[in-house]
Amino acid sequence: MGSHEVAGEHQVAHHFKSALDEFEACKQAMWIFLVTEVLFFSGLFVAYTVLRVFEPEMVKAAHHFLDWRLGALNTVFLITSSLTMAFAVSASQRGDNKRVVRQLIYTLILACGFCVVKIYEYSHKFHDKLLPGAHFGNTELTANKAGLFFSVYFVMTGIHALHVVIGMGVILWVILRARKNEFSPNYFTPVEITGLYWHFVDLVWIYLFPLLYLVG
Amino acid sequence: MGHGVALAHGDNYINHSKGLKSWLNTLDHKRIGIMYLIAILSFFLVGGIFAMLIRLNLFSPGSTLVSPSKYNQLFTYHGAIMVFMVIIPMIPAAIGNMVLPMMLGAKDVAFPRWNLASFYVYLSGAAIACASLFLNGVDTGWTFYTPYSIRTSTSAVWVLLGAFVMGFSSILTGLNFVVSIHKLRAPGMGWGKMPLFLWALYGTSVIQILATPVLAITLLLAALERIVGIGIFDPALGGDPVLFQHFFWFYSHPAVYIMILPAMGVISEVVPVFSRKPIFGYTAIAMATFGIALVSFVVWGHHMFVSGQSEFANFLFSLITMFVAIPTGVKVFSWLGTMYKGSLHFHAPMLYAIGFIFVFTIGGMTGMFLATLATDVHLTDTYFVVAHFHYVMVGGSLLGFLAGLHYWFPKFSGKMYAETPAMIAAILINVGFNVTFFPQFILGVLGMPRRYADYLPQFTTLNRVSTVGSWIIAAGFLLVLFYLIHALLRGKKASDNPWKALTLEWQSPSPPPHENFLVEPVVTDGPYDYRGAKAGPI
Amino acid sequence: MTLFFALVASAFAATVPVQGTDIAGAWDVLYWFLIYVSAFFVFGILAAMIYFAVRYRRQEGKRPKFIEGNTAVEIVWTVIPTILVMIMFVWGWVVYKKMIHAPLNALEIRVIGKQWLWQFVYPDGKQSINDLYVPLNRPVKLIMSSEDVLHGFFIPNFRVKHDVVPGMYTDVWFEAKIPGIHQIFCTEYCGASHSGMLARLLVLKDDQWKEFLGGKKIDIAALSSDPTFPGFRANMLGEGMPAVSQGDASAPVSLVSQGKTVAQSKGCIACHSADGSKMTGPTWKGLAGSTRKFADGSEGKADDAYLRESIENSAAKIVAGYPAGQMPVYKGLFTEVELAQVIEYIKSLK
Amino acid sequence: MADSNQHHKNHEHHILADSTAKQVFVALIVLTIVTVATAQVDLGIFNFAVAMLIASVKASLVFMIFMGLKYDHRENSVIFGSSLVFMACFFVLCFADLLTRGDVYVKGSILPESLVSQPSKFPKAWVSTQELVAHGKELYSAQCVSCHGAEGAGNGIAAAALNPKPRNFTVADGWKNGPKPSQIFGTLTKGLNTMPAFASLPPPDRWALAHYVRTFGPHESAQDTAADFAKVGVDPNKAEDASAGPTSIPVDAAIDLLSTD
């Protein structure tokens, strides 16, 4: 990542031969980190598929208790935030720090929207006692092992929401650096890395939405 | 051979800056490697004490030393500390951190700050796990099988979360090494001219990156089972305990290759140097390393042949496991091929390498008993399995670590260790190891199950022989610790290249300067090009 | 070379449990094949290293030869191990199939593992704790499940082992050849008294077996002790549970009749008739083994698993022509033994 | 692998044009609508496949263009591809086991709920509280509705075939054992001719059912006396109700229970 001296002027770390080398190393490191994220979520997708294959009726009955309209709204939030993030990255590549700040703020707003919808959904679940495993107490849904569906639901969307919140923190940090207009055509690595992370978070939700909300 | 002129050994990475603070927030990969080494060796001592207590308790039937439930905590801590805190980070993080950048001809790893972060993530994970010692312990075994790990009233959550945190340290090390190998190789060092230790670390890092996240999700779900009761692995709530075993072993089998591949890498470095001969079949070993790293992900089911897994899955896993044995065999034969017609020097690293090859062959062959379906039914979950994995872990990774420690000790301490005590210690450890663990093979075939605090009187003599063996091996380890510390304090000055090796790290003075090289190294010929004068005696 | 093999054989001869069944014999042949192959490679490599150490040690004026590899040799030592490994796999698979597929006429005994004792339920309803009575020279199939955590059922003399998993039936089978006591171990870690959770397999000759069926108490002291562990007769070790030495066979009330009383006390007969007459629920007469047509059009055989699932999780499969959601959920209201009894009762209604 | 040390391909970084970004965005929104639409139509097993297909198309749009894999070094695509390969290995071999376990392995819980060691949330269960009644309602709908009916009038679906008819809770008279909580608790424990015994339900559940059943009719007046409590073996002033079952039945109790059963 290299340490930064004067605003706008980035000093390449001593062990890299050139700025391009350092940028490619950081990008490759980010891709490797995303590999670990894919495998981290793969465990949850296996747990979900076990439920889907062995308790199809239960999953079908339980998914009616999830409001697919809210899921669709969240999907739109995240897709739009991906767009604004893409604008921010291309802006940083052109050194247009003003536009980076503006686009990242839009991304933050959309992310907050996502979190608000999530909080509302969770409170609705707590109210109806649609809780994981042993705590499941809902009376209308009497399908066998219904608690397991909500265990998988809460763990998947919970960990994903945690990643969204972490992403918001990182975006905030990049906004602060962009306000000190540190980014220029030959140094925009932090924005590119944050962009990769954010697009990945959106990518995970693109799979979560149909799996949990649209169980046909 | 590079500059060859004895430079004034003024500035080096040890006296580059003084004071504890300069060590604790250093970005120098060599210092981070040494800090890792100290932490790992102290946890090794703690794990070793638990091992000695286990053997003492099993000296005679009737669990004399501790009560059965206390014994369960002993073997759980022995397993958890040795696996998560010692043997996984041992060679990659301690020796790998010190050696990899210099072998690449680079000034440091790709991300020095992430490297330091990985050390502190490791320490905090270890601290969280050890916190359970002061609460009410943990007695689930290092495998945390559900539903027992959910039902037990001991503080298993702490160890689960501790191991979860330590997993990130492993990922960070792997990530650092992969990017460094991709981006920081010295000019002229193509993939075909890279030393085999780097190939081994590359394979290990690939496994660390691809397998550790699944451990993270498994431990997280197990912790949630205990805290919230989500029921995915809990049969009382409709979950499937065998599914937990699938999740756990998807990480843990590749993890045993995280342990053994670096050790094989060290042996592939040591044997050619002390035979003064190029490694036999370089491409075969490099491809075997990468092959093992990939195939290790699709064989985990051989841990679960009798756990309730379906017959078809047993067939599949047994068949694929057989293909993991082939590259391992190729490596062992290639090391023998390297010794053939060489000029063998029996310094300590070579002694450990020879010990490694013999002991690892026994470990490998007994692995075949456990990969073959019929024999595994009788032998699994008995002391046969305990003996098998100690042969490949203690015999494999640990002897590989000791070989590497002695091989690079002159380079990084600037001092030479004394050869005679090293010889004695090597023999002590090899003998003690075989006396401890060979009787356990026979105990296993006779049917003594593992994790038993108490056993039938008929098993007494073999257990006693094993306990005596554990005293011998302990003596060997203490002797190693003694003479290495002695060498640090009052050892002879080591030359820049005491073993006349050809890999890049020997081109800089020992101990190396802060920036690793006085002159930017350029790779012209291979890492094992022992031709003509270069093949001269050490 | 024969001296070498004789040495290895004698060293290992006394280290294998007796062959309690024919399959144990077949197992031992495979085991010895693996021992010899391993011994050949281990001692071969040791001999090679010793020879190299002596022959090619550092000597003045002796130069090491510059060899970087030899593809022919490398191919040889890749192909030969592959062939050897495939032989091991196929042989292992063949013996394994025999070890896990029980003959159809096997005597079925139910095994229930619970923290730190084994409970056996015989077809005629008798139960015993930590003592399993089986007939000599007859195939016996153990259908096993656990009531709390994982356990492992292991009989070294018969080379038989399988984990006992809560929420799942797993099974092992054997045909005992040697009468007398055989040691049983728990091999999956299950807590404080995992090492104490032993059991005894008592193989009875025909006359003793008829006495046992008749309900007479068997004099265990008269039975010969385990040939692999001579003199060891106990069926549990150490603290953790009360001394249950004589697991006597209780009054012989057959599983089927006990199943009938359970069906009454649980209210099954309120909806299910035993004589084929039409009631709220499908009749039990001729149910066991028949193929059932379900409401969603699919079909299935009414085997043990189906009967059990229909009791515990009745909404899972609804028979065509019957309203869904009418039968209450009985999960948790039947103990493992009661389930076994009701299922046997249903299977008896031909 | 592109060997980036030898020759510096100092190609310019690819900058994603705003227009392409907008096109991708529109495509993603359209695909979201499509996936929601296809979900309304019930195609059985194909629903899952179609949903996954659309999601994969959207995902590939994101990582090829937004994340720039299309314009990047091939190294990063190999890295990202490897993660999908290993995830596939995990799925395939896990389900190679799960799908082929055959009939011997029956699914479903074997451990009776009553033995699951939940700490009893109702220490003095025989005193009626709002929470107990709610808990009773849950149990009632799972176990008793089929005979006693949703309003407790004894007209459940299965009641048609029963003789005598299940108890009608809404009326005060006709109770064979009496409407006091301890008396209903006793009926639940021992059962009453065709009514099954619910002894294996944990005692707090039986008390909850008793309190809930009393809410159907005018039974407030019938309260328990010390003698009534003694009959069911409960000492009213002790905090912990004595008859709460321990986590697992002690061995000797298990033997008696089983041998006499």
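The values are calculated or read from the model by the stated rules, or taken from the named source; none is laboratory data. This is a predicted model, so every value here is computed, not measured. Here the Cβ is made from the backbone with ideal geometry for all residues, glycine too, and neighbour counts use every protein chain on show.
Taking the condition within 10 Å of chain C (Cβ to nearest Cβ), modelled with pLDDT under 95 and either over 16 Å from B:Leu399 (Cβ atoms) or surrounded by fewer than 24 Cβ atoms within 10 Å (Cβ to Cβ) (or both), does B:His378 pass? No, not satisfied.
Selection of the range D:33-58 for residues being over 30 Å from the mean Cα position of the chain (by Cα) and buried (at least 19 other Cβ atoms within 10 Å of the Cβ) yields D:Ile54, D:Lys58. Restricting the range B:222-239 to residues that are assigned to a helix (DSSP H, G or I) and surrounded by 24 or more Cβ atoms within 10 Å (Cβ to Cβ), the residue that is farthest from the other protein chains (Cβ to nearest Cβ) is B:Ala222. Exactly one residue out of A:Ile79, A:Ile109 is under 16 Å from A:Asp202 (Cα atoms) and more than 10 Å from chain D (Cβ to nearest Cβ), and it is A:Ile109.
A:Ser18 meets the conditions (1) facing another protein chain (nearest Cβ under 8 Å); (2) touching a Phe, Trp or Tyr at 6+ places or on another chain (Cβ under 6 Å) in every case but one. The failed one is (2).
Output the residue which, of all residues in the range D:122-143 that are outside any helix (DSSP H, G or I) and in contact with a helix residue (DSSP H, G or I) (Cβ under 7 Å, 6 or more places away or on another chain), is modelled with the lowest pLDDT. Among those residues, the one meeting the criterion is D:Phe122.
Residue under question is B:Thr140, and the condition is that it be within 14 Å of chain C (Cβ to nearest Cβ), closer than 29 Å to B:Val242 by Cα and crowded, with 23+ Cβ neighbours inside 10 Å; does it hold? It is true that B:Thr140 is within 14 Å of chain C (Cβ to nearest Cβ), closer than 29 Å to B:Val242 by Cα and crowded, with 23+ Cβ neighbours inside 10 Å. Does A:Thr49 meet the test of being touching a residue at least 40 places away in the same chain (Cβ under 8 Å) and in a helix (DSSP H, G or I)? In short, no. For the range C:198-207, the criterion of being in a loop (DSSP other than H, G, I, E, B) and either on the phi > 0 side of the Ramachandran plot or without any contact (Cβ under 8 Å) to a residue 60 or more places away in the chain (or both) is satisfied by no residue at all. When D:Ser77, D:Ser56 are screened for being in a helix (DSSP H, G or I) and touching a Leu at 6+ places or on another chain (Cβ under 6 Å), only D:Ser77 passes. For B:Val468, are the conditions met, namely being more than 12 Å from every other protein chain (Cβ to nearest Cβ), in a helix (DSSP H, G or I), β-branched (Val, Ile, Thr) and closer than 30 Å to C:Ser193 by Cα? Judged against the criteria, B:Val468 is a match. Report whether or not B:Thr218 is at negative phi, within 13 Å of chain A (Cβ to nearest Cβ) and among the hydroxyl-bearing types (Ser, Thr, Tyr). Against the criterion (at negative phi, within 13 Å of chain A (Cβ to nearest Cβ) and among the hydroxyl-bearing types (Ser, Thr, Tyr)), B:Thr218 qualifies. Among the residues of the range B:190-212, none qualifies, meaning not one is within 8 Å of chain A (Cβ to nearest Cβ) and at pLDDT below 95.
If you go through the range D:85-121 and keep only what is modelled with pLDDT of 50 or more, within 7 Å of another protein chain (Cβ to nearest Cβ) and part of a helix (DSSP H, G or I), you end up with D:Phe86, D:Met87, D:Cys89, D:Phe90, D:Phe91, D:Leu93, D:Cys94, D:Ala96, D:Asp97, D:Leu98. Can you spot a residue in the range B:305-320 that is crowded, with 20+ Cβ neighbours inside 10 Å, within 14 Å of chain D (Cβ to nearest Cβ), assigned to a loop (DSSP other than H, G, I, E, B) and out of contact with any His (no Cβ under 9 Å at 6 or more places or on another chain)? Yes: the range B:305-320 contains one or more residues that are crowded, with 20+ Cβ neighbours inside 10 Å, within 14 Å of chain D (Cβ to nearest Cβ), assigned to a loop (DSSP other than H, G, I, E, B) and out of contact with any His (no Cβ under 9 Å at 6 or more places or on another chain).
Note on the range B:263-284: residues that are among the β-branched types (Val, Ile, Thr) and either surrounded by fewer than 24 Cβ atoms within 10 Å (Cβ to Cβ) or on the phi > 0 side of the Ramachandran plot (or both) total 1. Listed by first and then second residue, the pairs with beta-carbon distance under 8 Å, at least 6 apart or on different chains, first residue in the range A:131-144 and in contact (Cβ under 8 Å) with a residue 60 or more places away in the chain, second assigned to a helix (DSSP H, G or I) and not small (Gly, Ala, Ser), are A:Ala143/A:Glu57; A:Ala143/A:Met58; A:Asn144/A:Met58. Taking the listed residues B:Arg113, B:Arg31, the one that is modelled with pLDDT of 90 or more, closer than 24 Å to B:Ala127 by Cβ and within 14 Å of chain A (Cβ to nearest Cβ) is B:Arg113, with no other qualifying. Being of a type outside the set (A, V, I, L, M), facing another protein chain (nearest Cβ under 7 Å) and buried (at least 21 other Cβ atoms within 10 Å of the Cβ) holds for only one residue in B:Gly395, B:Gly363, B:Gly404, B:Gly301, and it is B:Gly301. Here C:Ile181 passes the criteria (1) outside any strand (DSSP E or B); (2) within 14 Å of chain B (Cβ to nearest Cβ) except the one numbered (1).
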